[in-house]
Structure formats: structure tokens, C-alpha cells
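See below for the structure under consideration.
Laboratory data are not the source of any read-out in this text; all were calculated from the coordinates shown. Remember, predicted model here, so these are calculated numbers, not experimental data. Glycine also receives a Cβ, built like all others from the backbone with ideal geometry; neighbour counts cover every protein chain displayed.
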Amino acid sequence: MQIISLIFFTLAASLALAALEVQIEGKHGWAADLPTFRLKKKMGEKPITGYHIFIILFTLIIFHFPLFFASWSWKKEALLFGVFISMWTLEDFLWFVLNPHYGLTKFNKNNKDIWWHKSWFAGVPSFYWALFPIGIILIALGI
């Protein structure tokens, strides 16, 4: 039952966060049209935005809130980070699914409007293949 609850929580959090980001960003992914600072990286890479720094920091803080009422352990930290990483990976995908300007039909490497995902493998951004398994491994270690 714990695994089912964890899957439901991760999915619900991902859906809510994706819907929120669709409302904030609209068709301009990666905060392209938001009044936020951007830290430029190497040529051709997506910038790190203030929007993304603070939304990730906020969710990381919220995820750790239960530890104020329980003792800390590496197992709990692994579980929290596993769900956190899985949630953000799933959220990225759901952003496209929920966004009326994209949808699944426009979710592909040939879509020039998805400029922030440069590397794709097997039909999805490459980082999904790295982060999602890391999230699952951390969850397994934490359970």
C-alpha cells in the first residue's frame, strides 16, 4: 500500500506542478517570456533562470517539511530525493501533455519550439533516461 500511495503522491504532485507551470509559462517554455534573471551557460545551452532556481528550491524545502516532525536518516533523505527527482522528471513530461500549445503530438526533437531540450533519445529528452532511474533507485533505498 505504501508504494501505491507514493506513486499516487508523486503523480498528483507532478500534475499540480505541471499545471501551475503551464499557467505561468504558457507556450514560452523554460521561462523564456518571464521577467526573471538568467545565468548564461556555455554557448548553445539553456540558461539557468531565477524562476527555476526558486521553484526547485521551494519544492525541495516543502519536501523536507515532514523531517521537522521526525528524526532524520539517510533512508528518509533517499526517499525524499527519489520522489523529488521522479516528480520533477514526470512534471517536465506532463508540462507538454497539459500545455495546449504542445500536447503529445508536438512533443518531439524536431519541434524547434522546444529549444531547451537539445538531446533526445528514444522519443524523449535524454535526461529522463538518467534522472528517472536515479529517482526510482533512491526511492527503493529509502523504503
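Taking 25 Å as R0, compute the FRET efficiency from the Cβ-Cβ separation of W116 and F58 and round it to 0.05. Walk me through the numbers before you get to the answer.
Details: r = 20 Å, r/R0 = 0.81.
Plugging the Cβ-Cβ distance into 1/(1 + (r/R0)^6) gives 0.80.
Using the count of nearby Cβ atoms within 10 Å as a rough guide to exposure, how do W74, W129 rank from fewest to most?
On the way: W74 9, W129 14.
Result, fewest neighbours first: W74, W129.
So which chymotrypsin sites (Phe, Trp or Tyr not before Pro) in the stretch 1-39 are both in a DSSP loop and have at most 13 other Cβ atoms within 10 Å of their Cβ?
F37
Starting with the fewest neighbours, write out D92, D33 ranked by other beta-carbon atoms found within 10 Å of each beta-carbon.
Details: D92 21, D33 12.
Listed from fewest to most nearby Cβ atoms, that is D33, D92.
If the reach is capped at under 19 angstrom between alpha carbons, list the aspartates and glutamates near K109, excluding any in the same chain fewer than eight residues apart.
Qualifying aspartates and glutamates at Cα under 19 Å: E45, E91, D92.
Holding the Cα-Cα limit at 26 Å, pick out from K41/K118; K41/K75; K40/K118; K46/K106 the pairs that are longer than that.
Check vs 26 Å cut-off fails for K41/K75.
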